[in-house]
Amino acid sequence: MGNGVSHPPEKINVLFLFADDQRADALGISGNPYIRTPNIDQLGGEGSRFSNAYVMGGNHGAVCMASRAMLLSGKSLFHVYDRLQGIHTLPMHFAQAGYATFGTGKWHNEKGAFEASFQWAKNVYLGGMANHYEVPLRDYDANGKLGEPTDKGYSTEVFAQSAIDFIEQHAKTQSDQPFFCYVAFTAPHDPYSPEASYINYYPDGSLPLPGNYMPYHPFQFDNLMVRDENLTGWPREPAVIQQILSDYYALVTHLDHQIGRIIETLKRTGQYENTLIVYAADNGLAVGSHGLLGKQSLYEHSVKVPLIIKGPGVPAGKTFDALTYLYDLYPTLAELTGLPRPDQVDGKSLVPVLQGAREQVRPSLFTAYRNTVRAVRTADWKLIRYPERNYTQLFDLVHDPLELNNLAEKKGFLRKKEALLALLKEDQQANSDTLALTSDRIKPMAYDPDTLRRKPDKWQPEYTLERYFK
């Protein structure tokens with residue numbers, strides 16, 4: 001191939017491993033000394049890791065819907081939102097190039113868009129969240145349509161086994177045809193209910209609180225009762241946050257072990273060296289940071305995601321700090337596998353970064369949540385704007401990566417704040433976002449946590465009901 005990328009003569013497979021609600025720092029290779037993720041860490045060691053990978057945000061509380069639509073379309077938030085119907089998707093691009101496309105796991109967009117994207121499927125979950133122990137899963141029928149759902153075993157194990165079965169079958173029957181295998185796990189998304197043998201893998205109280213733990217978020221900026229935020233009460237009790245972290249980390253470690261089984265299958269069938277493996281997640285999660293639990297904010301913990309690429313054409317043992325969106329993966333994977341560049345995508349290929357030809361593919365990164373928050377970050381700085389509250393936060397990410405010291409109204413930072421507000425407006429325009437950065441009607445920032453009343457949703461199994469609600 002041109003541009004200095006070296007490929008073996010045969011076509012390159014793609015294995016896309018996608019976690020659900022995993023913070024970027026919930027991996028050993030990201031510098032977390034408490035969590036055990038040896039298989040994903042090994043992928044990072046044998047490949048390249050992007051330390052500034054982000055989801056652009058979401059147009060409603062189910063951020064993963066928009067995140068997956070962006071990833072699979074290669075388009076930015078305001079050009080796709082959460083709708084994939086009629087879009088030329090990433091797996092379609094590979095199918096047109098002669099790849100066998102297979103999907104398993106979570107699909108949080110339209111059913112018809114899945115059926116148009118994948119030639120083969122097994123154990124597909126249509127929805128946002130489910131009880132990990134009883135996920136309603138669908139297979140293709142004789143007409144290539146997803147049939148009626150059947151409840152099956154623990155989600156992470158079922159999806160991993162589906163991928164293993166596909167890889168083994170492909171090696172036996174279609175070894176001359178490359179594959180694109182998409183495995184979308186539902187972990188570590190809540191319910192905080194690890195597989196039974198992983199309960200207490202990290203004993204309660206053994207994990208430290210996040211460095212930016214707070215008992216309450218200091219002000220109201222949106223619906224503080226949205227989905228994830230109901231999973232424990234206010235104030236966020238330190239011991240309960242530590243319990244959540246124990247369950248959350250156990251979900252991730254179990255996921256890592258199942259990924260190890262998939263990798264071992266690639267090796268056993270002789271396909272490991274010729275497979276591009278991507279590991280990523282759809283969005284981050286607060287888990288106690290800033291007094292929040294979920295992903296419905298634009299703090300680093302909620303918009304930054306893990307991203308690892310390993311395989312042909314990718315340098316080993318490298319970490320890149322290029323500002324990256326998940327939807328950059330569409331053109332990146334096309335270029336790494338020698339496919340034509342997709343038309344009408346907003347994503348930028350990361351191959352020049354992987355080759356060392358460029359340090360960045362964009363100078364700044366824009367994120368958005370509903371009509372309530374906008375943010376822009378550069379290599380060193382981050383500005384978050386709350387239009388409905390007429391409030392701004394300014395963080396020096398080099399010296400304050402946990403976003404604790406708001407400099408927006410501090411002496412000596414007015415010029416930086418104004419420059420970033422101007423950059424935010426430019427990025428809004430470039431991304432077709434028309435939201436005014438100050439609303440016509442300003443809402444109060446103060447709120448009374450004692451008035452917030454929570455109740456469990458229908459997906460919580462007995463383990464989490466007993467642990468967090470009774």
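The values are calculated or read from the model by the stated rules, or taken from the named source; none is laboratory data. None of these values were measured; they are calculated from a predicted model. We place every Cβ from the backbone using ideal geometry, glycine too, and count neighbours over all the protein chains shown. Ligands, DNA and RNA are stripped out before the accessible areas are found, and what is left, the full protein with its side chains, is counted by its heavy atoms. Shrake-Rupley method; radii C 1.70, N 1.55, O 1.52, S 1.80 Å.
Details
- By the rule of a C-alpha distance below 17 Å, with chain neighbours fewer than 8 residues away ignored, the lysines paired with LYS410 are LYS382.
- Once the 1.4 Å probe is applied to the protein heavy atoms, region 58-121 comes out at 27 Å² accessible per residue.
- Long-range amide H partners of LEU292 with built H, under 5 Å: MET214
- Cα gyration tensor shape for region 394-451, rounded if a/c is under 1.5, else prolate or oblate: oblate
- The accessible area of VAL314, taken with all protein chains in place and a 1.4 Å probe, comes to roughly 20 Å².
- A Förster radius of 56 Å, combined with the Cβ-Cβ distance separating ASN390 from TYR34, puts the computed FRET efficiency at roughly 0.90.
- Taking all protein chains into account, the per residue accessible area for region 408-470 stands at 75 Å² (1.4 Å probe).
- Nearest 10 degrees, 0 to 90: helix 238-268 Cα axis against the chain principal axis: 20
- The share of accessible area on the chain that comes from carbon and sulfur is 49 percent, using a 1.4 angstrom probe.
- Global geometry of region 78-215, whether rounded, prolate or oblate, following the gyration tensor of its Cα atoms and the 1.5 cut on a/c: prolate
- Checking (1) -0.17, -0.87, -1.24; (2) -0.19, -1.03, -1.50; (3) -0.30, -1.01, -1.22 against the coordinates, the calculated log10 I(q)/I(0) by the Debye sum over Cα atoms at q = 0.05, 0.11, 0.13 Å⁻¹ falls under label (1).
- Accessible surface of ASP380, taken over heavy atoms with a 1.4 Å probe and every protein chain present, rounds to 70 Å².
- Shown is the FRET efficiency for GLU359 and LYS470, computed with R0 = 51 Å from the Cβ-Cβ distance and rounded to the nearest 0.05: 0.45.
- If the segment from GLN344 to GLU10 were pulled out straight at 0.36 nm per residue, it would be longer than the present Cα-Cα gap by 117.4 nm.
- Residues in region 20-34 carry Karplus couplings, in order, of 10, 6, 9, 4, 4, 8, 8, 9, x, 5, 7, x, 7, x, 9 Hz; the curve used is 6.51 cos²θ - 1.76 cosθ + 1.60 with θ = phi - 60°, and Gly or Pro positions show x.
- Within the chain, helix-based [θ] at 222 nm, where runs of 4 or more DSSP H residues each add -39,500 (n - 2.57), nearest 500: -8000 deg cm²/dmol
- Stretching ASP204 away from GLU148 to a fully extended chain increases their span by 16.2 nm, per 0.36 nm per residue minus the current alpha-carbon distance.
- When both region 45-88 and region 435-463 are represented by their alpha-carbon centers, they are found 24 Å apart.
- Packing rank of 21-29, 416-424, 160-168, where each peptide gets the mean count of other beta carbons within 10 Å, highest leading: 21-29, 160-168, 416-424
- Within the straight-line cut-off of under 22 Å between alpha carbons, the lysines reachable from LYS470 are LYS455, LYS458, sequence neighbours fewer than 8 places apart in one chain being disregarded.
- Annotation for GLN96 and HIS60: the two label points, set 7 Å from Cα along the Cα-Cβ direction, are 3.0 nm apart.
- Rounded if a/c under 1.5, otherwise prolate or oblate - region 1-144, Cα gyration tensor axes: rounded
- Other-chain or far-sequence residues with amide H under 5 Å of TYR325's (modelled H): TYR54
- Electrostatic dipole magnitude of the chain [Cβ: Lys, Arg +1; Asp, Glu -1; Cα centre; debye, to 20]: 880
- Per-residue HN-Hα couplings for region 155-172 [Karplus 6.51, -1.76, 1.60; θ = phi - 60°; Hz; x = Gly/Pro]: 3, 4, 6, 5, 5, 4, 5, 4, 5, 4, 4, 5, 4, 5, 5, 4, 4, 7
- Sequence of ARG83, ARG389, ARG227 from largest to smallest accessible area, 1.4 Å probe: ARG83, ARG227, ARG389
- Rolling a 1.4 Å probe across all protein chains gives THR434 an accessible area of roughly 130 Å².
- Around the amide H of ALA281, modelled in the peptide plane, lie the amide H atoms of ALA19, all under 5 Å away and 5 or more residues distant in sequence or on another chain.
- Cα-projected label distance for TYR447 with ALA239, points at 7 Å along beta-carbon direction, nm: 2.6
- Förster radius 35 Å - calculated FRET efficiency between ALA196 and THR438 (Cβ-Cβ, nearest 0.05): 0.10
- 3J(HN,Hα) along region 420-425, derived from phi through the Karplus expression 6.51 cos²θ - 1.76 cosθ + 1.60 where θ = phi - 60°, amounts to 6, 5, 5, 5, 4, 5 Hz, with x in place of Gly and Pro.
- Nearby aspartates and glutamates by direct alpha-carbon distance to LYS145 (threshold 20 angstrom, same-chain neighbours under 8 apart not counted): GLU110, GLU115, ASP165
- Solvent exposure, largest accessible area first (probe 1.4 Å, DNA, RNA and ligands not counted), of TRP107, TRP459, TRP120: TRP120, TRP459, TRP107
- When the Cα positions of TRP234, HIS217, HIS170 are compared along the charge dipole of region 137-245, HIS217 comes out farthest toward the positive end, with charges on each C-beta of Lys, Arg, Asp and Glu.
- Computed lengthening from GLN85 to GLN174, 0.36 nm per intervening residue step minus Cα-Cα distance: 29.1 nm
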